[in-house]
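Peer 1: Quick one: the structure is below, questions incoming.
What follows is calculated from the coordinates using simple rules that are stated; it is not laboratory data. All values derive from a computational prediction rather than experimental measurement. Neighbour counts are summed over all protein chains in view; Cβ atoms, including those assigned to glycine, are modelled from backbone coordinates with ideal geometry.
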Amino acid sequence: MSPTRREFIRTASATAAGLALAGGASAQTTSPNERLGVGCIGCGGRMGAHMGIVKALQNEGFPVEIVAVSDIYTPRIEAAAKNTGGKPYRDHRELLADPRVDVVCIASPDRHHGPQAIDAVLAGKDVLVEKPLVHWSQFDVVKRLTKLVEDKGAVLQCGTQYAADSVWRQARQLIKDGAIGKPIFAQCGYFRQGDWGERGMPILDPNAKPGPDLNWEAFLGDGPKRDFSVSRFFRWRMYLDYAGGPPTDLYPHFFTPMAIALDCKFPTRVSAGGGKLFYNHEREVPDTVNIVADYPEGYTVAILGTQVNARGMETCVRGSEATLCFSGPGIQLFSADGKAEPIREVPREKPGDAREMWVNFLECVKSREKPWSDCRTQYYVQTAINMGELSLFEGKTAHFDAERERIVI
Ligand SMILES: NC(=O)c1ccc[n+]([C@@H]2O[C@H](COP(=O)([O-])OP(=O)(O)OC[C@H]3O[C@@H](n4cnc5c(N)ncnc54)[C@H](O)[C@@H]3O)[C@@H](O)[C@H]2O)c1
């Protein structure tokens, strides 16, 4: 696509996006040629939600349209093509070569996110990619991807939809303005009850075989070579080759916005405890992981959680002068001496969800600004998470060599 056409599409996109946000868009504001073509890579459970959002935005008058779909499992490709009208591809690289695709949405298993985002950026596409940005073993991939995104000026939004809530950016400003004094200790986490495996991820077809049904080599990607296993294919979240348990699957949701609020960069050291404490079957990934990350600015962040018990905990940042909690009308500030009554309340300016995350992405595709959950923010988030996983698996503290940008353990 020529720069002129791309710019035209982007201008049309943002104009209609702005109109739609103001409640004034109609489908007539654009012609089919003006629509931003979306290519969907990895058309399983999560992609269904993305497809629904894109279709809803299109119905509201946003100039977006799903034009291509890609998966490595035949029934999924067929269903996705039927549901969206997108052209089906068995290989994401063929989808990336389709000139009708302007942006891609990636919702394949974790270890494909980074490599497929790299392929997409190299093909000149902007990217909305699911969390985690990379698998826990792929620090080098997230480092390479971040450099590429920044060198090419690509727009990359990571699918951490809670970051769309305005409270985190409001908190960032309050903390910058000195509302809590010096940040000392922040806590966030994710608590839920429920295993992955038989209940969470059913084997859709016990007789599925590599060949016409699915591409096993593409599923393995850059991971360890293994003989075909129907359980690994359908229930990949249970295995360390493809997933990492709560730190990679769940913690990006609340640690990303906390990192935005605190303006976290690379940690100095990270340690973690926990393990496979309850769900004791063939599942390899931990069910409970508590990560403590220390930052060079002199504060520490606890990222805590379990999949065994859904009772949550307070999300807050404790400072030398006050505590900032994500509670009440949005944000509540309490004095550092622990008194129960808030000293200040700040209402939430705007709630946010996955739809708002898409709108923010489309606006950034036009403006070339950084989206809320941009690649560099995710690089910092993923570094702490990967260090936490490595610390847990190796029983050691992980250190970060900031000069060489590498994890040392
Ligand atoms: N943001 C959220 O709230 C949220 C919710 C659920 C899942 N997710 C994320 O979305 C991703 C997908 O999760 P899911 O629950 O949809 O899993 P899923 O197994 O339902 O879907 C994954 C799809 O990717 C396909 N696939 C596998 N390897 C591929 C490859 N190399 N290229 C293209 N397609 C490939 C599979 O065939 C499958 O159809 C995960 O990384 C997960 O963390 C995010």
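Peer 1: 222 nm [θ] for the chain, helices only, -39500 (n - 2.57) per DSSP H run of 4+, per residue, to 500?
Peer 2: Theoretical 222 nm ellipticity from helices: -11000 deg cm²/dmol.
Peer 1: To continue, here is another question. Taking H placed 1.01 Å from N in the peptide plane, check which residues at least 5 places from Tyr190 or on another chain put their amide H under 5 Å from its amide H.
Peer 2: Answer set, sorted by chain and number: Leu304, Gly305, Thr306.
Peer 1: Return the percentage of antiparallel bridges among DSSP beta bridges fully within the chain, rounded to the nearest 5 %.
Peer 2: Counting only bridges with both partners in the chain, antiparallel ones make up about 55 percent.
Peer 1: Charges at C-beta only: +1 for Lys and Arg, -1 for Asp and Glu. How large is the resulting dipole of the chain about its Cα centre, in Debye rounded to 20?
Peer 2: Here the chain has a charge dipole of around 260 debye.
Peer 1: Another question, then. Going through the cross-link list Lys131/Lys265; Lys147/Lys265; Lys55/Lys125; Lys176/Lys370; Lys82/Lys350; Lys55/Lys209, which pairs have a Cα-Cα distance over 24 Å in this structure?
Peer 2: Listed pairs above 24 Å: Lys82/Lys350; Lys55/Lys209.
Peer 1: Using unit Cβ charges (K, R positive; D, E negative) and no other charged atoms, how large, in debye to the nearest 20, is the dipole of the stretch 315-354 about its Cα centre?
Peer 2: In total the dipole reaches around 40 debye.
Peer 1: What is the distance in Å between the Cα centres of the stretch 146-195 and the stretch 251-320?
Peer 2: One Cα centre to the other: 13 Å.
Peer 1: What are the residues whose amide H is under 5 Å from the amide H of Ile66, where those residues sit 5 or more places off or on another chain and H is modelled from the backbone?
Peer 2: Here the answer is Val38, since their amide H atoms fall under 5 Å of that of Ile66.
Peer 1: While we're on this one: Sorted by packing (mean other beta-carbon atoms within 10 Å per residue), highest first, where do 176-187, 147-158, 239-250 land?
Peer 2: 239-250, 147-158, 176-187
Peer 1: Can you compute 3J(HN,Hα) from phi for each residue in the stretch 275-288, using the Karplus curve 6.51 cos²θ - 1.76 cosθ + 1.60 with θ = phi - 60°, rounded to whole Hz and x for Gly and Pro?
Peer 2: Here the 3J(HN,Hα) series is x, 8, 8, 9, 7, 9, 10, 5, 3, 9, 6, x, 9, 9 Hz.
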